[in-house]
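Trainee: Questions regarding the structure given below will be posed in turn.
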Amino acid sequence: MKNGTDIGQDTLPPNFNGRGRSVADRSELALVVLWHHDRNMVGRFSPFPTDAAEVVHVSRLYPDFHNQEKTGAMPLSDPHVSRSPITIERLKPKEFRISPANSRMTVQVNGKRIKEALDVVSKDQGGIIFITLSNHVVLGICDLPVVQLAGPHNSLLGISCEINRCRKLISRFASTDLPVMLMGETGTGKELAAHDLHANSGRDSGPLVTINMAAIPQELAVTELFGNKKGAFTGSTQDRRGFFQKAEKGTLFCDEIGDTPPLVQPMLLRALETGTIQVLGQDTGTPINVRFIAATDRPVDLDVEGYRFSKPLYHRLSAAHIKMPALRERKVDIPLLILHFLDQSAVARGFHHTQIDASQITGLLSYSWPGNVRELKNAVNAIMLGEDPNLLDEPSTSPSSRTASKDQYRAPSSVANDELIAALNKADWLIKPAAESLSISRTSCYDLIKKCPTIRSVEDIPLKEMRQVMARHPGDLAAWSAALQVPQEALRKHVRSAGLIR
């Protein structure tokens, strides 16, 4: 937003009309190297013949696999792969017949060994068929973008059509001042996308300020976002800048936007529409120059009891939106992400990618990843430590990936005080998991806590009692919250403001 200008009047770059397909949208069927003893081979691909009737032969010596720049093509050249080829026949657009080689080389398709021709459909495995040769090389059959997009600042790793589509939208939206809504399950990289939107914009020299709306107590939300003047309320001894002011000439990223307190939502809408904010205790509006990005891991347009998100604010934010794909929708990116985690992890310490064998890669490709990229990173760390990543054969559906419907959320009035406290105790007094277990929104959970007669406000707990609990459990915030029966985030803010911790 630009000093009183309605940012809805900004226009998107030329050639963006939401219709038709650009070159960046087009894809081609390809055979991709998913795992190989030479890590430089991972991610290379060989396009399928355009003639659907042509059979593809795959051996140690052919075909040649290209990198993303389509230079330096080379065959698999793995001594464990037979010179006698397996054959892949395309029966239908998404159906293939895979025949093993006339040799002793073992061939697995989607994790199961085959000894004769097998017909398989790619949609059964999230759009990809993976083939393991001699338990050393893993190949995948899937669609890849004809053109891989990558801006000067690109944090989203992968070669899939889905992640390429996100890069395209980031590139187009970055040059505008439109507010952007990032949607997707938890762990899909919404914060990385927000970083790229900022870094590729004209505001990259300004600050990128991040705030988690679910972590702000409702009573503090107005001052946290918009600031306050000295004397605006009891205990206000000096002027305070809010997050909007801290993000001046830069970008404000509001994560978990669906948990914005109802009181604050019309204020956010006014800021987006007028380019001004109302500082608490100040009579006149304050102009701001801030780009606004929001993110949510669940639908925010549901009209159900206990789920109160302003429809005007939702429509304002969703004019430009980016849907971040779940990891199960882009499994071809999993090996490249694994290599990235190996490079970035302090746990690695000399761990080589060949210590992860093809059977483990097959297991990782077969899994549905309800926790997405974040869960994959934890699984890789477990493997590096010699532990079982403990993946479920039938993973339960994560709350954020459930189909949006009115049945997802129950009426907060139906939650008894004993049930609320039991859920909070089980969740270590963290609001998000407690709210999910109760099937209510986090805002509703905060409201129930405020109304519960047996849960004290953190401000009502004597400092002496706090010090005694903190002394019994040094440095353990979860133990403090459990003993005092108050949410962790509210307690953390309070003990910091009281000078009990830094």
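The values are calculated or read from the model by the stated rules, or taken from the named source; none is laboratory data. Model, not experiment: these values are computed from the prediction. Cβ coordinates were reconstructed from backbone atoms using ideal geometry, including for glycine residues, and neighbour counts include every protein chain displayed. Side chains included, ligands, DNA and RNA excluded: accessible areas come from the protein's heavy atoms. Shrake-Rupley method; radii C 1.70, N 1.55, O 1.52, S 1.80 Å.
Trainee: Quick one: net charge around residue 70, please, counting Lys, Arg +1 and Asp, Glu -1 for every other residue with C-beta under 11 Å from its C-beta.
Mentor: -1
Trainee: Also, quick follow-up: Quick query: amide H of residue 28 versus all other amide H atoms, modeled in the peptide plane; which residues come in under 5 Å with a sequence gap of 5 or more or a different chain?
Mentor: 144, 146
Trainee: Expected output is a single nm value to one decimal: the length gained when fully extending between residue 229 and residue 283, i.e. 0.36 nm times separation in residues minus the C-alpha distance. What is it?
Mentor: Length difference between fully extended and current span is 18.4 nm.
Trainee: Points 7 angstrom from Cα along the Cβ direction at residue 468 and residue 83: gap in nanometres?
Mentor: My value for the distance between the label points is 8.3 nm.
Trainee: Would you please give the residues with an amide H less than 5 Å from that of residue 208, counting only those at least 5 places away or on a separate chain, with H modeled from the backbone geometry?
Mentor: 251
Trainee: Through the Karplus equation 6.51 cos²θ - 1.76 cosθ + 1.60, θ set to phi - 60°, convert the phi angles of segment 339-344 into ³J(HN,Hα) values in whole Hz; use x for Gly and Pro.
Mentor: Those phi angles translate into 4, 5, 5, 4, 6, 8 Hz.
Trainee: A further question on this structure: Using a 1.4 Å probe over the heavy atoms of the protein chains, calculate the carbon and sulfur portion of the accessible area of segment 114-172 as a whole percent.
Mentor: Ligands and nucleic acids excluded, carbon and sulfur reach 49 percent.
Trainee: Right, next: Provide the per-residue ³J(HN,Hα) series for segment 88-95, in order, calculated from phi with Karplus coefficients 6.51, -1.76, 1.60 and θ = phi - 60°, each as a whole number of Hz, with x at glycine and proline positions.
Mentor: 10, 10, 8, 8, 9, x, 10, 10
Trainee: In addition: Can you run phi through the Karplus equation (6.51, -1.76, 1.60; θ = phi - 60°) for segment 321-336 and list ³J(HN,Hα) in whole Hz, with x for Gly and Pro?
Mentor: Values per residue, Gly and Pro as x: 9, 10, 8, 7, x, 5, 4, 5, 8, 9, 5, 4, 7, 4, x, 5 Hz.
Trainee: Here's another thing I want to ask about it. Using alpha-carbon positions, what is the distance between the centroids of segment 146-172 and segment 325-344, in Å?
Mentor: 14 Å
Trainee: When only DSSP loop residues count, what GluC sites (Glu not before Pro) in segment 96-185 have their Cβ near at most 15 other Cβ atoms within 10 Å?
Mentor: For GluC sites (Glu not before Pro) across segment 96-185 that sit outside H, G, I, E and B with at most 15 neighbouring Cβ atoms in 10 Å, the list reads 116.
Trainee: Can you list residues whose amide H is under 5 Å from residue 184's amide H, if they're 5+ apart or on another chain and H is modeled 1.01 Å from N?
Mentor: 296, 298, 324
Trainee: Over segment 241-378, with the other protein chains present, what is the accessible area per residue in square angstrom, probe 1.4 angstrom?
Mentor: 39 Å²
Trainee: Run the simple label-point estimate for residue 66 and residue 246 please: 7 Å along Cα→C-beta, distance reported in nm.
Mentor: Each label point lies 7 Å from its Cα, and together they span 4.7 nm.
Trainee: Provide the FRET efficiency to the nearest 0.05 for the residue 417-residue 479 pair, computing r from the beta carbons and using R0 = 22 Å.
Mentor: Using R0 = 22 Å, I get an efficiency of 0.45.
Trainee: Got a sec? What order do 460, 64 fall in by accessible area at 1.4 Å, biggest, i.e. largest, first?
Mentor: 460, 64
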